[in-house]
Amino acid sequence: MPFAAKLKLAVRKLAVSLIAQPKPITYVGEGSSLKLCEAVDQFDVRKVLIVTDAMLCELGLIDPLQKALSDAGVESVVYQGVTPDPVWTVVEEGLTLLKGEQCDGVIGVGGGSSIDAAKVIALAATNTSIPPRELAGFKKAKQDGLPLFAVPTTAGTGSEVTIAAVISDPETHKKDLIGDTRVIPKVAALDPSLMLGLPPAVTAATGMDALTHAIESYIGEWANEETDALAKSAIKLIFDNLPKAVAEGSDVKAREAMALASYYAGLAFTKAMVGYVHGIAHQLGGKYGIPHGLANAVVLPEVLNFSKDAASHRLAELAIHTGLGEHYEGDAALSQKFIDHIKAMNEDIGIPVGFEQIQASDIPELATAALEESHGTYPVPEYMNQAECEAMIGRLMLRPA
């Protein structure tokens, strides 16, 4: 890795290690989202903006939350304009509604897109001297945000516990990262009853998103004893429960296990960071609109194959932890077993091996952007050059049938 990137990474590691990262009060289990609503008034909140998407409103998932809030003496207003990979105009619209309704708290309900949008709306509401788009970057806010609460309805991003939010530029489609401990919610609810109707394809992609967070945090250079324990727990839960949740969406135990896995993975990667899978997946999402979890799922085996020599011992540890092999088999064989299991699980849950959207002419630009994002930002186990990245993206390119 170039010296400038190494220096930047060292400075970033020092900054992250010195920052105390609070954890939200977390309710777990069926009905936990209603318990969260009952707790909102404990934070001196009298009127909340619920940030969500139109589909959840149509499904009636927001109504019980509004009733529980009302019963607790808290008014609520719904902003349902969140779209997948939200752009800055979504944040600005939500912020305008919040100010007009004089809300003093924010609840994000939905997948990572809704929770990320809620995070930035809550932060921008109190940092009025800073245009919302200028909050992009690391610790740009000057004030704490409004009290923030999170109710994830997918098990993937772990956004309910992370210091990050991702918002896209509506013109360039570049993904802007807002990194700040101030966006960590006060309270989160992992309620599997809200995930029972999630379609198999979404369950699969979001679950693989969580798996990517856990694996990349485990094999990266910033892993530590705490993040290792969280990542290993998440990976074992996902291996054991994601196929069940995809095959039988009404399996409450599998849904709850996946919600916990996403939560653990979120706690792990918010300290240990991610790697090349995210660097490449972000470019595929920005260029072609490919959902982030799906992009991660497809890219993950390729990046692990690239990293398997440098990270063979760590991958072997994960293979043993998840029951795929024994110590005597050796790191090389065990790491390959681990990668092969992920490939087989991808196939089992309906994840494709590539994307028809990728155009050969776009590959150099995609690779350049992926490496620019990754180097100096992500503590990857092995450095990847431009030619290697282009070749990897090229292997993901599918021809239309």
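The values are calculated or read from the model by the stated rules, or taken from the named source; none is laboratory data. This one's a predicted model, so the numbers in the text were calculated from it and none came from an experiment. Neighbour counts are summed over all protein chains in view; Cβ atoms, including those assigned to glycine, are modelled from backbone coordinates with ideal geometry. The protein model used for the area step is the full one, side chains on, heavy atoms only, and it has no ligands, DNA or RNA in it. Shrake-Rupley method; radii C 1.70, N 1.55, O 1.52, S 1.80 Å.
Quick notes on this one:
- Amide H to amide H distances under 5 Å link Val78 with Ile50, where only residues 5 or more positions off or on other chains count and H is placed in the peptide plane.
- Helical mean residue ellipticity (222 nm; -39500 (n - 2.57) per DSSP H run of 4+; nearest 500) of the chain: -17000 deg cm²/dmol
- Taking Ser70, Ser361, Ser250 as the candidate residues, the one with maximal mean-square fluctuation in a Gaussian network model of the chain, Cα springs under 10 Å, is Ser361.
- Between Ile235, Ile320, Ile219, the Gaussian network model of the chain with springs among Cα atoms under 10 angstrom shows the greatest mean-square fluctuation at Ile320.
- Rounded accessible area per residue of the chain, 1.4 Å, Å²: 41
- Rolling a 1.4 Å probe over the protein heavy atoms leaves Arg395 with an accessible area of roughly 130 Å².
- 3J(HN,Hα) couplings calculated from phi for region 348-354 with the Karplus curve 6.51 cos²θ - 1.76 cosθ + 1.60 (θ = phi - 60°) are, in sequence order, 5, 9, x, 7, x, 9, x Hz; Gly and Pro show x.
- For region 181-329, lysine pairs separated by 8 or more sequence positions, or belonging to different chains, with Cα-Cα distances below 25 Å total 11.
- For region 166-224 versus region 80-120, the gap between their alpha-carbon centres in whole angstrom: 16
- Of Asp180, Asp116, Asp71, the one that fluctuates the most in a GNM where the chain has Cα springs shorter than 10 Å: Asp71
- Proportion of all alpha-carbon pairs of the chain beyond 30 Å (%): 37
- From phi via Karplus (6.51, -1.76, 1.60), per-residue ³J(HN,Hα) for region 228-240 in Hz, x at Gly/Pro: 4, 4, 5, 5, 5, 4, 4, 5, 5, 4, 5, 4, 7
- In this Cβ point-charge picture (+1 for Lys and Arg, -1 for Asp and Glu), region 131-243 has a dipole of about 280 debye about its Cα centre.
- Stretched out straight at 0.36 nm per residue, the stretch from Asn224 to Val252 would grow longer than its current Cα-Cα span by 6.9 nm.
- Cα gyration tensor, region 15-107 - rounded (a/c under 1.5), prolate or oblate: rounded
- Region 158-316: C-alpha gyration tensor shape, a/c 1.5 cut-off, then a/b vs b/c: rounded
- Dipole-positive endmost among Gln21, Val82, Val106 within region 12-170 (Cβ charges, Cα centre): Gln21
- About its Cα centre, the chain has a charge dipole of approximately 720 debye under the convention of +1 per Lys or Arg Cβ and -1 per Asp or Glu Cβ, with nothing else charged.
- Separation of region 48-75 from region 258-329 is 34 Å, based on Cα centroids.
- Carbon and sulfur %, accessible surface of the chain computed with the full protein complex present, 1.4 Å: 54
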